[in-house]
Amino acid sequence: AQKVTQAQTEISVVEKEDVTLDCVYETRDTTYYLFWYKQPPSGELVFLIRRNSFDEQNEISGRYSWNFQKSTSSFNFTITASQVVDSAVYFCALSEAHTGANNLFFGTGTRLTVIP
Amino acid sequence: DVKVTQSSRYLVKRTGEKVFLECVQDMDHENMFWYRQDPGLGLRLIYFSYDVKMKEKGDIPEGYSVSREKKERFSLILESASTNQTSMYLCAHRREGTGELFFGEGSRLTVL
């Protein structure tokens, strides 16, 4: 079974619209970590955020915000007032404490296209 | 700036050839990883290494081997390349403590 599910394969929005990228995870560990990575056209994955399972506070960083809800096993990512530079593939990932956090399970990614 | 350098951005090889993909990091991190990325499948872990000369299989190690002779260098080896190994290969190393991975730009391998 997929440990990380990103149901949205592709999303297109017009510049300045808000957009939410969904991520649902599955784990039996009580201690785990969730990540979001951005992969622009250049190909290099860029780290955006890491959350541990004990910290359910939502986080905001500029136009980016993350909503972590353990009750629904979700870690959704919202971009406010999207810009063309946000166009990329976004990956959600999970690592579990019982593996020593040595393996990140990645979702299949969501390709976001921001139309000018 | 954290730097992960992968030796080749684009490679074209023939079936049966031996392929070396090299990765060098400049952060003195112990943990290094090789992933492959395929459309619709996301990133899948091939091998990782947590120290010099130490290696562990990931989710899809078949057809691959690795070498870690020096801390900063982690090589992925395809002993006999096959067409189903056509893919984007991503190297990463992990910051101790926070667990975040730093990735290279990737090596796109085409096996004909």
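The values are calculated or read from the model by the stated rules, or taken from the named source; none is laboratory data. Since we're looking at a predicted model, the values are computed, not measured. Cβ sites come from the backbone with ideal geometry, for glycine too, and all protein chains shown count toward neighbours.
Among the candidates A:S65, A:S74, the residue that is away from chain B (no Cβ under 14 Å), buried (at least 16 other Cβ atoms within 10 Å of the Cβ), among the polar types (S, T, N, Q) and free of Cβ contacts under 8 Å to residues at least 24 places away in the same chain is uniquely A:S65. One residue alone among B:G63, B:G99, B:G16 is of a type outside the set (A, V, I, L, M, F, W, C), surrounded by 13 or more Cβ atoms within 10 Å (Cβ to Cβ) and out of contact with any strand residue (DSSP E or B) (no Cβ under 6 Å at 6 or more places or on another chain), and that residue is B:G63.
Results for (1) in a strand (DSSP E or B); (2) touching a residue at least 12 places away in the same chain (Cβ under 8 Å); (3) crowded, with 18+ Cβ neighbours inside 10 Å, shown as yes or no for each residue.
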residue	(1), (2), (3)
A:A7	no, yes, no
A:S12	yes, yes, no
A:Y37	yes, yes, yes
A:S42	no, no, no
A:L48	yes, yes, no
A:F54	no, yes, no
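Picking from residues in region B:48-60 that are within 11 Å of chain A (Cβ to nearest Cβ) and in a strand (DSSP E or B), the one that is surrounded by the fewest Cβ atoms within 10 Å (Cβ to Cβ) is B:K57. A:E17 satisfies every condition listed in (1) outside any strand (DSSP E or B); (2) buried (at least 18 other Cβ atoms within 10 Å of the Cβ) except (2). State whether one or more residues within region A:33-48 are of a type outside the set (F, W, Y) and more than 21 Å from B:Q37 (Cα to Cα). Checked against the condition, which is being of a type outside the set (F, W, Y) and more than 21 Å from B:Q37 (Cα to Cα), region A:33-48 yields no hits at all.
Residues are listed down the side, and each one gets a yes or a no for (1) modelled with pLDDT of 95 or more; (2) more than 14 Å from the chain's Cα centre (by Cα):
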position	(1), (2)
A:T27	no, yes
A:T30	no, yes
A:F35	no, no
A:D55	no, yes
A:E59	no, no
A:G62	no, yes
A:N76	yes, no
A:A81	yes, yes
A:V84	yes, yes
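Within region B:68-107, the set of residues being out of contact with any Gly (no Cβ under 9 Å at 6 or more places or on another chain) and of a type in the set (S, T, Y) comprises B:S75, B:T83, B:T86, B:S87, B:T98, B:S107.
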